[in-house]
Amino acid sequence: MSSDAPPVVRTGQSPARPTDAATVTSHPLGLDRARITGGFWADRQRAGAEAVRVGHEQLERAGNLHNLRLAAGRPGSGDDGGEAIGPVFADSDVYKWLEAVAWEYARDPAEDLLERQREVTALVAAAQQPDGYLNSVVQLRSGEAGRYADLPWSHEHYCAGHLIQAAVAQVRCTGDRELLEVAVRLADHLVETFGEDRRHDVDGHPVIEMALVELYRETGTQAYLELARYFVDARGHGLMASYGKEPTYFSDRVPVREATTVEGHAVRAVYLTAGATDLATETGDTALLSTLDAQFATMWATKTYLTGGLGSRWDWEAFGEPYELPPDRAYAETCAAIGGIQWAWRMLLATGEARYGDAVERMLFNGFLAGVSLRGTEYFYVNPLQLRGGSRPDENRSPAHGRRGWFACACCPPNVMRTMSGLAGLLASTAPGVLSVHQYATATLDGDELGLELTTDYPWSGQVRLEVTRSTGRSTLRLRVPAWAEGATVTVDGTEAGPATPGGYVELERDWQTGQVVLLDLPLTVRTVTAHPRVDAVRGCVALERGPLVYAFEQADQEPGVELDDITLVPGPDARVEHQPGLLEGVTTLTLRGRPARAPEEYRPWPWPVDGGAPVPGDEVDLVAIPYYAWANREIDAMRVWVPLGAPGGTPS
Ligand SMILES: [Zn+2]
């Protein structure tokens, strides 16, 4: 493979690591230089560490490893069935898990992880064909003739993309190169097979774009960047239609450079735009970047749930029309929140704008985190903002099942694993003379000019203490002030150092000295928010937020006899805020006054009344809300984020 104009390849343990030539405003501080050492996310990561280990058992049980063993010609005991098991994209779960193992090893280098990684990597390498092709399910089900025979649906590039991402993570975190060699052989095979003057085709499911850019960043091989550019630009010109497919689902209706919003399958859409963002920054394509910036803004304003959840339609796991955001029928796939975080993070590196840090935070604490149990080993595929009392699960992804250990389509569990293990990579980034802190956690940050120790009870407290542990002299510390943080203050060694304007970064340029202390105070006022009036499904409703957390009412916390399906909130004094260390591994609850409001008798049966029909209010009661991410960790019953607001005095409007 030719390697003209190699970029300056950076080092560091980060999933997206722009080269020095990339047009980004800052570079990520990888897991080797950003470490979560305590507090909220450390607890979640401890649970995640266990989940990664359980993940191997799940891959064994579900047949993913069986497929690779068969393809490698190494059937083991019980592996004599001779047939591939599971969906066509089964290999991708193995690769996402391998990526999680790499980040987990960077976080906590345990020998058992390395052993597992090497064992599974050897299996993957053995399953690869001599010409670099690799997809165990296609190899087993249809052999060489089946290669790329149904690219809209076969997920062959999708699996390749996840393999490449795992390989890059592995070499960055463990130094092991075996999987990278497999990835390079596969990428070379793709370069030889696909392109403008070769086979003109794209996979139905993006992710290869992000992966190829990252492989270029790791190896300096220009051809990978060129192939990523080809895959980004070839989409949107009728390739899916040539297979008789409706193009919207595949983000193939409009070229990414011409699109004004996201549409179709949510995960596909945001993986594509994340990859296009990587391409834009590595090629200095400012026109593409500004198109993506506009698409993100439209998605965020019109197609995103309060939780940061993306995709409202169960049909085709897709984005709906603008403002089509019903809380009870929300799909909001866990993977879509993860893809949204990946895209927002890349846009943050590219633009340096706080709204992308805000977006990462909203998705992380809500849409993503609700996707996994407090124990760490059970997952939601679908993340609604309301579950009605007595809901019955009608299919395996139904939230009414509660979180599950695995799925027939198991995309979400290993996606959660790699995100959770790699979380510290989202905390901070550097530019010459500047350290930017984007997310707040108890952590250590080892910037180019500045070392910091962060201590915080975030998200329960808005106070973040940053102590300088190392300084090379004059530099700028940038701290994100979330858009919700009205009244934020910042001091350096006790002296006011603001302004700390919400929705931006406070910039502190100093001759920093070891031992200096910065205190950032983000007021965690309880916020009662309303949706855009066009979100018909929640018109007249409010939701509660505090700091980065969206709140939900869950049946388990309400007084006996209060049915969540009937409640209204009574406008009045502020919510009572209480931290409850014994509840749901420690959460801050909000208590407000509300009323059950039953439908009047006239409603039963139809015809319903022409006038009247005002709900019959019951007596005022306390209503207790918990952070949305923590719901469904006790029992599965009614839950709701949006609640109708009653009129003052208690009569529901
Ligand atoms: Zn998923």
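Calculate, in nm to one decimal, what Ala297 and Glu635 gain on full extension: separation in residues at 0.36 nm each, minus their alpha carbon distance.
Result: 118.0 nm gained on full extension.
Towards the positive end of the charge dipole of segment 542-653, with charges on Cβ (+1 Lys, Arg; -1 Asp, Glu), say which of Tyr603, Ala552, Met639 has the farthest Cα.
Working it through, the farthest residue towards the positive pole turns out to be Ala552.
Take the alpha-carbon positions of the chain, form their convex hull, and give its projected area averaged over all directions (one quarter of the hull surface) in nm².
Quarter of the Cα hull surface area: 30.2 nm².
On full extension of the chain, what length is gained from Glu563 through Asp493, given 0.36 nm per residue of separation minus the C-alpha to C-alpha distance?
Gain on extension, Glu563 to Asp493, equals 20.1 nm.
Ignoring everything except DSSP H segments at least 4 long, calculate the 222 nm mean residue ellipticity for the chain; use -39,500 (n - 2.57) per segment, divide by total residues, nearest 500.
Mean residue ellipticity at 222 nm (helix-derived): -10500 deg cm²/dmol.
How large is the dipole of the chain about the Cα centre if only Lys and Arg carry +1 and Asp and Glu carry -1, each at its Cβ, rounded to the nearest 20 debye?
220 debye
Restricting the count to DSSP beta bridges whose residues both fall in the chain, what percent are antiparallel, rounded to a multiple of 5?
Bridges in the chain are about 95 percent antiparallel.
Please give the FRET efficiency for Glu578 paired with Glu321, using the beta carbon to beta carbon distance and R0 = 35 Å, rounded to the nearest 0.05.
For R0 = 35 Å, the calculated efficiency reads 0.30.
Using per-residue counts of other Cβ atoms within 10 Å, averaged over each peptide, order 325-335, 464-474, 268-278, 102-112 from highest down.
Listed from highest to lowest mean packing, they are 268-278, 325-335, 102-112, 464-474.
What percentage of the solvent-accessible surface of the chain, computed with a 1.4 Å probe over protein heavy atoms, is contributed by carbon and sulfur atoms?
49 percent
Can you give the FRET efficiency to the nearest 0.05 for Asn396 and Arg474, using r as the Cβ-Cβ distance and R₀ = 60 Å?
The formula returns an efficiency of 0.55 here.
Multiplying the sequence separation of Tyr603 and Glu144 by 0.36 nm and subtracting their Cα-Cα distance, what value in nm do you get?
Full extension of this stretch gives 158.9 nm more.
Please tell me the relative contact order of segment 270-343 in percent, rounded to the nearest whole number, where contacts are Cα pairs under 8 Å and at least six residues apart.
33 percent
Give the accessible surface of the chain per residue, rounded to a whole number of Å², with probe radius 1.4 Å and ligands, DNA and RNA excluded.
Result: 36 Å² of accessible area for each residue.
So what are the ³J(HN,Hα) numbers for segment 565-570, from phi and the Karplus equation (6.51, -1.76, 1.60; θ = phi - 60°), rounded to whole Hz, Gly and Pro as x?
5, 10, 7, 10, 8, 8
Kindly rank 246-254, 482-490, 559-567 from highest to lowest mean number of other beta carbons found within 10 Å of each residue.
Highest to lowest by the protection proxy: 246-254, 482-490, 559-567.
Under 8 Å for C-alpha pairs, at least 6 residues apart: give me the relative contact order for the chain, rounded to a whole percent.
Relative contact order comes out at 13 percent.
Which one, Thr302, Val184, Gln13, projects farthest toward the positive side of the charge dipole computed for the chain from Cβ point charges (K/R +1, D/E -1)?
Going by the Cα projections, it comes out as Thr302.
Sort 116-122, 152-158 for me by packing, meaning the mean count of neighbouring Cβ atoms within 10 Å per residue, highest on top.
152-158, 116-122
For segment 506-653, max minus min Cα coordinate along each principal axis, in Å, sorted largest first?
Result for segment 506-653: principal-axis Cα extents of 75, 34, 25 Å.
Each residue of segment 329-344 in order: what ³J(HN,Hα) in whole Hz does its phi give by Karplus 6.51 cos²θ - 1.76 cosθ + 1.60, θ = phi - 60°, with x for Gly and Pro?
The phi angles translate into 9, 4, 8, 6, 4, 3, 4, 5, 5, 5, x, x, 5, 4, 5, 4 Hz.
Please report, in debye to the nearest 20, how large the charge dipole of segment 184-337 is about its Cα centre when each Lys and Arg carries +1 at its beta carbon and each Asp and Glu carries -1 there.
180 debye
Tell me, what is the percent relative contact order of segment 519-653, built from C-alpha pairs under 8 Å that lie six or more residues apart?
It comes to 32 percent, rounded to a whole number.
The values are calculated or read from the model by the stated rules, or taken from the named source; none is laboratory data. Given the structure is predicted, the values throughout are model-derived calculations rather than measurements. Don't worry about glycine lacking a Cβ; one is built from the backbone with ideal geometry, like all the others, and counts go over all protein chains shown. Quick note on the areas: whole protein, heavy atoms, side chains included, nothing else; ligands and nucleic acids left out. Shrake-Rupley method; radii C 1.70, N 1.55, O 1.52, S 1.80 Å.
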